[in-house]
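Each remark here refers to the structure printed beneath this line.
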Amino acid sequence: MKINLKIIMFGIITIISSNVFGQVKENWNHNIGINLLQIPATTIDLTYELNNKPRYMLIINPGYTFNYTNSYDYIGFFLSPHYKCGNNGYYMKKQSGGYIKIGLKYIFRNSTEKNNFFYLGAFITNSMVYEKAEYENMDISNSQIENLSHNIFILGFSSAVGYNFGISNRLTSDFGVHISLPSKKYDELYGYSNYIPGMGYMETCGNQVIFPMLILNLKYKIKR
């Protein structure tokens, strides 16, 4: 999988370099955006879009979560089913980490001038999760509390569906849903109330492996 990521990054660098040094003659559109719905989840979620064809768009989506345990992610909590399994003796003190999502959107339009359109997307999500927790064995009365922490790299696949709409000549926005499927590394996360930066929140004691996330990007056109 590391080889595949290197291939993807090489392709992105090649495309951008060709554009910068004048090897590509087409007019390229460049947009930067921020996901407003992830700000209450203490996450800076940025988007860079690049395209010169009406049907396809390259997406680079980096972000960082400062501490999800102190967030107000009401939307993520609402999207997740809830169970009575508790958190398996873990008291989460910190959930943070950075991520980058790289992929493509397929756009339902015939011209790059059109700012109102539906789209489908697919992304490779690379997430580094840092967790800090206190753990008490619930099967042993008066058991000693342990202080735990770890870093985990989780690779995943994310799909997207949404609608993009124009606001002004330079501003656009898109509203959509991202559905992420993480690798089995997510089983190593503490407890059952799991958060993966870039993928979202899910209570997993019901064997849930799909992480949903709502997106509301406010985007600015920086070059055309």
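The values are calculated or read from the model by the stated rules, or taken from the named source; none is laboratory data. Owing to the predicted nature of the structure, the values given are computational and were not obtained by experimental measurement. Heads up, the Cβs are rebuilt from the backbone with ideal geometry, glycines too, and the neighbour counts pull from every protein chain shown.
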field: Cross-chain or 6+ apart pairs with Cβ under 9 Å, the stretch 166-180 first and in contact (Cβ under 8 Å) with a residue 12 or more places away in the chain and among the aromatic types (Phe, Trp, Tyr), then exposed (fewer than 13 other Cβ atoms within 10 Å of the Cβ) and in a strand (DSSP E or B)
entry: Phe175/Phe165
- prompt: Any residue in the stretch 152-163 that is closer than 22 Å to His30 by Cα, touching a helix residue (DSSP H, G or I) at 6+ places or on another chain (Cβ under 6 Å) and of a type in the set (A, V, I, L, M, F, W, C)?
  reply: no
query: Within the stretch 32-45, can one find any residue that is surrounded by 20 or more Cβ atoms within 10 Å (Cβ to Cβ), of a type in the set (Asp, Glu), in contact with a Lys or Arg (Cβ under 9 Å, 6 or more places away or on another chain) and under 17 Å from Gly176 (Cβ atoms)?
result: no
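Among the residues of the stretch 91-114, write down those that are of a type in the set (S, T, N, Q), touching a Lys or Arg at 6+ places or on another chain (Cβ under 9 Å) and surrounded by fewer than 20 Cβ atoms within 10 Å (Cβ to Cβ). Walk me through how you get there before you give the answer.
Here is the first cut: in the stretch 91-114, the residues of a type in the set (S, T, N, Q) are 95-96, 110-112.
Of the ones still in play, those that are also touching a Lys or Arg at 6+ places or on another chain (Cβ under 9 Å) are 95-96, 110, 112.
Correct list: Asn110, Thr112.
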query: Looking at the stretch 200-212, is at least one residue modelled with pLDDT under 95, of a type in the set (Phe, Trp, Tyr), within 21 Å of the chain's Cα centre (by Cα) and surrounded by fewer than 21 Cβ atoms within 10 Å (Cβ to Cβ)?
result: no
- line: Taking the stretch 31-44 and keeping only residues that are of a type outside the set (S, T, N, Q), farther than 17 Å from Phe78 by Cβ and touching a residue at least 60 places away in the same chain (Cβ under 8 Å), one is left with Ile32, Gly33, Ile34
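Residues checked against (1) crowded, with 18+ Cβ neighbours inside 10 Å; (2) of a type in the set (A, V, I, L, M); (3) assigned to a strand (DSSP E or B):
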{"position": "Ser149", "(1), (2), (3)": "no, no, yes"}
{"position": "Ile152", "(1), (2), (3)": "no, yes, yes"}
{"position": "Gly191", "(1), (2), (3)": "yes, no, no"}
{"position": "Tyr195", "(1), (2), (3)": "yes, no, yes"}
message: Quick check on the stretch 160-173. Is at least one of its residues assigned to a strand (DSSP E or B), among the aromatic types (Phe, Trp, Tyr) and surrounded by 13 or more Cβ atoms within 10 Å (Cβ to Cβ)?
response: yes
message: What's the total number of residues in the stretch 64-91 that are part of a loop (DSSP other than H, G, I, E, B) and without any contact (Cβ under 8 Å) to a residue 24 or more places away in the chain?
response: 1
task: Kindly check whether there is at least one residue in the stretch 94-102 that is within 28 Å of Tyr48 (Cβ to Cβ) and modelled with pLDDT under 85.
output: no
- prompt: Can we say Tyr190 is within 29 Å of Asn29 (Cα to Cα) and either without any contact (Cβ under 8 Å) to a residue 24 or more places away in the chain or in contact with an Asp or Glu (Cβ under 9 Å, 6 or more places away or on another chain) (or both)?
  reply: no
statement: By residue number, the members of the stretch 1-53 that are out of contact with any Phe, Trp or Tyr (no Cβ under 9 Å at 6 or more places or on another chain), part of a loop (DSSP other than H, G, I, E, B) and at pLDDT 85 or above are Ile39, Lys53
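Test Glu113 against the stated conditions and say whether it is free of Cβ contacts under 8 Å to residues at least 40 places away in the same chain, closer than 26 Å to Lys221 by Cα and more than 12 Å from the chain's Cα centre (by Cα). Even if it seems obvious, please write down each step before you answer.
Details: free of Cβ contacts under 8 Å to residues at least 40 places away in the same chain: yes; closer than 26 Å to Lys221 by Cα: yes; more than 12 Å from the chain's Cα centre (by Cα): yes.
Yes: the conditions hold for Glu113.
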